[in-house]
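Just below is one structure, and these are the notes that go with it.
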Amino acid sequence: VVETQEHYKSRWRSIWIMYLTMFLSSVGFSIVIMSVWPYLQKIDPTADASFLGWIIASYSIGQMVASPLFGLWSNYRPRREPLVISTAISVAANCLYAYVHVPHSHNKYYMLTARALVGFGAGNVAVVRSYIAGATSLTERTSAMANTSACQAVGFILGPVFQTCFTLIGEEGVTWKFLCLQLNMYTTPVLFGALLGVINIILIFAIFREHRVDDMGRQYKSINSDGEGNDVLDQNTEGSIDHVAVVALNILFFVILFVFAVFETIATPLTMDMYSWTRKEAVFYNGIILSVIGIESVIVFMVVKTLSKKTGERAILHAGLLIVLVGFFILLPWGKKLPNIQWQEIKNNSVPRTAPSEMLAPFWSLPELQLPSNHTAEPVGCPVTQSWCLNTPMIYLAQYISSDVLIGLGYPVCNVMSYTLYSKVLGPKPQGVYMGWLTASGSGARILGPVFVSQIYTHLGPRWAFSLICGVVVVSLLLLEIVYKRLIAFSVRYGRMQE
């Protein structure tokens, strides 16, 4: 008997708590994204769009720093400790965010600190993934990792939905003077996130238990166990980890998140340049597109669980990268039709144009353009300050939509398969630190992606930007080919199980 029914139920209850933790982590990031810029302008008029970029990036920086630390902690102590502490940090950071309007100066720095601490608390993603990897057998692993990624995706989708619901409260809302607290459309979402965090902590104490099984599903203890399980199965932990495969998967994961960060960042400025959309139109239409992609991703997460049993994770990862490559290749400008130039749209040249740096900011960071009182239209089209607008063919809307669909299909496939293969290569060894490095590489990609695309797109245009992305994906495909045979489960590598 591999395990008792009672142990099986307890193990999966704990895994479901990890799903919830992952969901709340992503909600904590996305629930304020739409309102960060107007809230920042309200509490500190000295803040500009460039500082907003630091606030957005601070989440990923905090997560990048915290992931290896929490991962190391979880290797040697019961995982409940880093899970509770990290969630408590996120709760405290959300409460700080709700009070950043109180100080009389330097409010923007308090907001920066709050978002960095929320990201630091989100470093528990490494603990979650390492626990799920250790609490599932090889046959359960892909499905569990897909469910984890699906919970993360749903959190990113529902965060802005929650934010939209809270806008009904309005900018003024209700003020509780005895607490110095303003309950409005900016602070209520983070307080709601803090409440969810408190509920998560209670569930971790009440339901979560430390479980560990080997690749075949046999129960045993590990160094961070809290007393459950049988004797350690030493024979299943003998052997060394294939570090070449580990490094290769870290690189591949970095590339996957890098190209998706580029895709998210470029969506708004690209559509404004190519299709002469206003800010409002770009935010609205791209919001719909990204929501559809989010739903598509959740469906893909569910499908790959079944598909991987027939084809294997490596083949699906290969296919996912190819789909992403085709998606970006389709975005390359072809034809002869040029985009509308911004100065052609507005007869009076005295109307200020949007700076390229503002065009490249994410949609939540676009400040309201101040037009002279005798003008009601905002400038639209490709700004003449971007010299490539004068000679680069436009990207047709059909190209853009097709690319969105393909990237929305390829990204979740690559995401799940990377995590699954990584956990299988590591095998029964403690995975906290390794998962921490993988999460950190993903956070680094989310920081560097927007920086890369902002520079290349502004100065060289979409042809260079997307060509370089295609080149990066081709190199990652070559890397995958080189290490393809090494991306096998630890137990398969040492002949304890058949592939």
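A compact table of results
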| read-out | value |
| --- | --- |
| Per residue solvent-accessible surface (Å²) - the chain, probe of 1.4 Å | 42 Å² |
| Förster-model FRET efficiency, 60 Å R0, residue 398 and residue 178, C-beta, rounded to 0.05 | 0.55 |
| Computed accessible area, residue 29, all protein chains, 1.4 angstrom probe, square angstrom | 40 Å² |
| Under the span-like rule (Cα at least 30 Å along the axis, Kyte-Doolittle mean at least -1.0), DSSP H helices of the chain | 5-30, 49-76, 138-166, 243-275, 279-311, 397-426, 432-460, 462-483 |
| Gained length - residue 310 relative to residue 41, 0.36 nm times residue gap less alpha-carbon distance | 91.6 nm |
| Unit Cα scatterers, Debye sum, region 1-221: log10 I(q)/I(0) for q = 0.09, 0.12, 0.17 Å⁻¹ | -0.39, -0.65, -1.12 |
| Loop-located chymotrypsin sites (Phe, Trp or Tyr not before Pro) in region 393-499, at most 10 other Cβ atoms within 10 Å (DSSP) | none |
| Residues whose placed amide H lies under 5 Å from that of residue 181, excluding near-sequence neighbours | 176 |
| Carbon/sulfur fraction of accessible area - the chain, other protein chains in place, 1.4 Å, % | 66 percent |
| Intensity falloff of the chain expressed as log10 I(q)/I(0), Debye formula with alpha-carbon point scatterers, at q = 0.06 Å⁻¹ | -0.29 |
| Rounded FRET efficiency, nearest 0.05, which uses the C-beta distance separating residue 322 from residue 48 and R0 of 51 Å | 0.80 |
| Linear extension gain, residue 105 paired with residue 199, 0.36 nm per residue minus alpha-carbon span | 30.5 nm |
| Rounded accessible area of residue 394 (nearest 10 Å², 1.4 Å probe) | 20 Å² |
| Using distinct alpha-carbon pairs, which all enter the 1/r mean, Kirkwood radius of region 429-473 in Å | 12.1 Å |
| Mean Cα-pair separation over length for the chain, i.e. relative contact order, pairs under 8 Å, 6 or more apart, % | 24 percent |
| Segment residue 475-residue 278, extension gain: residue separation times 0.36 nm, minus the distance between their alpha carbons | 67.3 nm |
| Span from the region 33-48 Cα centroid across to the region 428-499 one, whole angstrom | 34 Å |
| Trypsin sites (Lys or Arg not before Pro), loop per DSSP, at most 16 other Cβ atoms within 10 Å - longest free stretch of the chain | 1-217 |
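The values are calculated or read from the model by the stated rules, or taken from the named source; none is laboratory data. Everything numeric here is computed off the predicted structure, so don't read it as measured data. So basically every Cβ, Gly included, is an ideal-geometry build from the backbone, and we count neighbours across all protein chains shown. Accessible surface is based on the protein model in full, side chains and every heavy atom, while ligands, DNA and RNA are left aside. Shrake-Rupley method; radii C 1.70, N 1.55, O 1.52, S 1.80 Å.
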